[in-house]
Amino acid sequence: KLLVVPVDGSHWLSMRELLDMLQQKGHEVVVVAPEVSLHIKPSKNFVMKMYPVPFTQEELDKVFKESVMDFFEEGPFLERVIRHYQQAKKTSALFLATCTHLIHNKELIRYLEESKFDAVLTDPILPCGAILAEYLSLPSVYFLQQIPCSLEYQATQCPNPPSYVPRVFTDLTDRMTFLQRVKNMLYDIPNFFLCDVVFQPYAELASEFLKQEVTVPDLLRQASIWLMKLDFVLHFPKPLMPNMVFVSGVNCAYKKLNQ
């Protein structure tokens, strides 16, 4: 019996395909989702438990459209960092409100406590599922591509050396000169500020809910297995830990391309 705490957008589209397969194999799947979302909709393949959130569909659509367009905007590195920082604050506020209203929904939490799940499946790019797994004392399975600021490496104590693993926005490969390694390290610095904006509120929320001081890496360390939507065909070689498993090209629903 599997409790699923998804993340909206393309994260959900690839996870939904996984849930369909789990249901076919006889697993009982319960998905917890907000009433307002981009793609998370009820299905005959799983039970859907929905809860209210303090924003409208129009507000959600507007923020996500702005966020997607921002990724296609070019410009100097510093300008891009500032833009991403501002956009991260907007989208983070919506996701944080979603998580807050989930864990403070006493009726829903009571249902989850009484349902006796075997495990939690979640995308840890946002740690709401990790908070619930810790609260319910359940093993967790993470299904992800990557987490901002490489928190998956910090949580698993996986080596992530800037002399070897190229950072986002650098356009570098895994073969770098000394100056390129310096550049790779410098590009990593803004991530710490971005992560504070995105994740510190979750640490405070989790500490209040669990009634103990925790950080987001503390929560992520509890994962039993990390199913990573990566492979060494499209991504540079990098170190992995034993519970990090590459599941290759699992992505959005299959479509016949318009020729």
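Descriptive notes on the structure:
- Hits in region 183-223 (condition: hydroxyl-bearing (Ser, Thr, Tyr) and open to solvent by 40 Å² or more (accessible area, probe 1.4 Å)): Tyr187, Thr215
- Within the option set Thr56, Thr100, being modelled with pLDDT of 85 or more, in contact with a helix residue (DSSP H, G or I) (Cβ under 9 Å, 6 or more places away or on another chain) and of a type in the set (Ser, Thr, Tyr) holds for one residue only, Thr100.
- Only residues that are more than 21 Å from Met228 (Cα to Cα) and of a type in the set (S, T, N, Q) were counted across region 91-149, and they come to 7.
- Of all residues in region 131-146, those that are hydrophobic (A, V, I, L, M, F, W, C) and open to solvent by 10 Å² or more (accessible area, probe 1.4 Å) total 3.
- Checking each residue in region 14-68 for being open to solvent by less than 20 Å² (accessible area, probe 1.4 Å) and within 19 Å of the chain's Cα centre (by Cα) picks out Ser14, Met15, Leu19, Val30, Val31, Val32, Ala33, Pro34, Ser37, Ile40, Leu60.
- Here is the figure for region 147-182: residues that are open to solvent by 80 Å² or more (accessible area, probe 1.4 Å), among the charged types (D, E, K, R) and at pLDDT 90 or above total 1.
- Region 143-163 residues that are closer than 16 Å to Leu194 by Cα and of a type in the set (D, E, K, R), paired with ones that are open to solvent by 20 Å² or more (accessible area, probe 1.4 Å) and at pLDDT 90 or above (beta carbon under 7 Å, 6 or more apart): none
- Qualifying positions in region 15-38 - outside any loop (DSSP other than H, G, I, E, B) and within 19 Å of Val63 (Cβ to Cβ): Ala33, Pro34
The values are calculated or read from the model by the stated rules, or taken from the named source; none is laboratory data. Everything numeric here is computed off the predicted structure, so don't read it as measured data. No Cβ is skipped: glycine too gets one built from the backbone with ideal geometry, and neighbour counts run over all protein chains shown. Only protein heavy atoms, including side chains, enter the accessible area calculation; ligands, DNA and RNA are left aside. Shrake-Rupley method; radii C 1.70, N 1.55, O 1.52, S 1.80 Å.
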